[in-house]
Amino acid sequence: MDKRLPQTGLDIATLLAEPYQATGGIASAVPPIVQTSLFTFDDYAAFEARMSGQTDSPIYTRVQNPTVSAFEDMMARAEGAEEGIGFASGMAAISGTLLSLLTPGDRMVCITHVYSDTFRLIETHLKPCGIEVSYHDPSEFETDPDLLKGARLAYLESPGSMMMRTLDLARVAEHARRHGALTVIDNTWATPVLQNPIAHGIDVSLHSASKYIGGHSDTVAGVVCTSAEIAARIRVHALTLFGGKLAPFEAFLLTRGLRTLSARMAQHQRAADLFVDRLASRPEVRAIHAPGQGSCLKGRSGLMSIEFDDAVDIPRFADALRLFRLGVSWGGFESLVLPASVGLAQAADPNPMRHFGVPDRMVRLSLGLEAPEDLWADFCAALDAAHS
Ligand SMILES: *Cc1c(COP(=O)(O)O)cnc(C)c1O
């Protein structure tokens, strides 16, 4: 029962309606957690056939596990990709992908305002390993057809971290293909519900599944969606050799998260649309960074940044919030606020927010699943309390 879905107009709830096909004629509603490190063989012939590549059943959970495969298959179908690869974290997915696809001497062209730990990975590991990296504004990717000349790989985020700048993915994919460069996007913000990069010609769409895909702030995980050919290269390096595998229990939680992803994204979007409609009426709000339906995006997620004018005491605003909690990360059920001034003060070096210049009057909001009117009332009450 292989119901392939169209690559666009995705309905993840429909996609996941079919029962998991267990062995022995049992169709369980959800995939079981196959909590085992290894898989044994009935006899010598079966063992040898598997080891020599004539069969493809799981051997060892570092490389292959049925619960992890169930999640990988769901993600591949959601992204319209040939394959998905689960990872222990978003950073394991990002480092595993980049270290598998790049070799010393290669040139990588990266978007500015890239996720903080991706920036640190580039600066502290990729560059010292002999990979040349330059950072460019989204507009340069779109307007300079020769930006990727001689590059091995373009690393993208759209919307980008903190500043939420977006890219015309089809245009960038076209420039990249002309120069033979691979394109990789971190699609965490949009999820497959709001953006399908592979349909726009991007080679690799990866996620921190710790955010919307898990959706309940209880799991750290990552996933890479791509062609069978690229997936084979990433698997052999990143899983077999670097070992950043996804655990069966986490994979189970992610299959659970995916089942409600469309419904949760619709609720996040309702809150985000309400905030964007009303934020303009607050005189303290100097700028709103909340991309919505556009060239590639089908709508808004719950993550946005806003800039306050000098009349707002940002620590007092943060402390006056009651529904929004203070914290990093996002994409869960709960609403969060991250003031840029806290990120700018972060001790970890190098600091991408200082490097790329994030305004210190900015706060990032992650709108959760609470009633949007309650969130707006909380936001307004905190703002009223924060006038210096
Ligand atoms: C959180 C995040 C990551 C890192 O993912 P982890 O699961 O925390 O390792 C990467 N990219 C983006 C955009 C993120 O928000």
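The values are calculated or read from the model by the stated rules, or taken from the named source; none is laboratory data. If you're wondering where the values come from, they're calculated on a predicted model, not measured in any experiment. Positions of Cβ are generated from backbone atoms using ideal geometry, with glycine treated the same way; all protein chains shown enter the neighbour counts. Heads up: the accessible areas ignore ligands, DNA and RNA and are worked out on the full protein's heavy atoms, side chains in. Shrake-Rupley method; radii C 1.70, N 1.55, O 1.52, S 1.80 Å.
Observations
- Inspection of region 156-173 finds no residue satisfying the criterion of being within 13 Å of the ligand (Cβ to nearest atom) and β-branched (Val, Ile, Thr).
- Any hit, region 280-289, residues being in contact (Cβ under 8 Å) with a residue 60 or more places away in the chain, out of contact with any Ser or Thr (no Cβ under 6 Å at 6 or more places or on another chain) and within 16 Å of the ligand (Cβ to nearest atom): no
- Where Asp73 falls short, out of the listed (1) charged (D, E, K, R); (2) in contact with a Gly (Cβ under 7 Å, 6 or more places away or on another chain); (3) in contact (Cβ under 8 Å) with a residue 24 or more places away in the chain: (3)
- Count of residues meeting criterion [over 27 Å from Ala345 (Cα atoms) and of a type in the set (Ser, Thr, Tyr)] in region 267-317: 2
- Only one of Thr36, Thr67, Thr61 that is more than 30 Å from Ala176 (Cβ to Cβ), more than 16 Å from the ligand (Cβ to nearest atom) and crowded, with 22+ Cβ neighbours inside 10 Å: Thr67
- Region 31-58 residues that are among the basic types (Lys, Arg), paired with ones that are open to solvent by less than 100 Å² (accessible area, probe 1.4 Å) (beta carbon under 7 Å, 6 or more apart): Arg50/Phe41; Arg50/Ser57; Arg50/Ile59
- Those helices (runs of 4 or more DSSP H) lying entirely in region 159-262 with at least 2 residues closer than 19 Å to Glu83 by Cα and of a type outside the set (Gly, Ala, Ser): 191-194, 228-234, 248-259
- Tabulated pairs, region 197-211, first under 18 Å from Ala88 (Cβ atoms), second open to solvent by 40 Å² or more (accessible area, probe 1.4 Å) and within 16 Å of the ligand (Cβ to nearest atom), C-beta under 6 angstrom, 6+ apart or interchain: Ser210/Val220
- Cβ-Cβ distances below 8 Å connect the following pairs, each with a first residue in region 88-101 that is in contact (Cβ under 8 Å) with a residue 12 or more places away in the chain and in a loop (DSSP other than H, G, I, E, B), a second residue that is within 8 Å of the ligand (Cβ to nearest atom) and of a type in the set (S, T, N, Q), and a separation of six or more residues or different chains: Ser89/Ser208; Ser89/Ser210.
- For region 284-314, the set of residues classified as surrounded by fewer than 19 Cβ atoms within 10 Å (Cβ to Cβ), touching an Asp or Glu at 6+ places or on another chain (Cβ under 7 Å) and among the basic types (Lys, Arg) consists of Arg286 only.
- Just one of the listed residues (Ser335, Ser329) is surrounded by 18 or more Cβ atoms within 10 Å (Cβ to Cβ) and not aromatic (Phe, Trp, Tyr), and it is Ser335.
Yes/no per residue for (1) part of a strand (DSSP E or B); (2) of a type in the set (Val, Ile, Thr); (3) at pLDDT 85 or above; (4) open to solvent by less than 60 Å² (accessible area, probe 1.4 Å):
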position: Asp2; (1), (2), (3), (4): no, no, no, no
position: Pro6; (1), (2), (3), (4): no, no, no, no
position: Ile26; (1), (2), (3), (4): no, yes, no, no
position: Thr40; (1), (2), (3), (4): no, yes, yes, no
position: Gly53; (1), (2), (3), (4): no, no, yes, yes
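- Residue under evaluation Glu79, criteria (1) open to solvent by 10 Å² or more (accessible area, probe 1.4 Å); (2) more than 24 Å from Val328 (Cβ to Cβ); (3) not aliphatic (A, V, I, L, M), criterion not met: (1)
- Selection within region 86-109 - more than 13 Å from the ligand (Cβ to nearest atom) and not β-branched (Val, Ile, Thr): Leu99, Ser100, Leu101, Leu102, Pro104, Gly105, Asp106, Arg107, Met108
- Subset tally (residues that are more than 16 Å from the ligand (Cβ to nearest atom) and either in a loop (DSSP other than H, G, I, E, B) or in contact (Cβ under 8 Å) with a residue 60 or more places away in the chain (or both)) for region 111-134: 5
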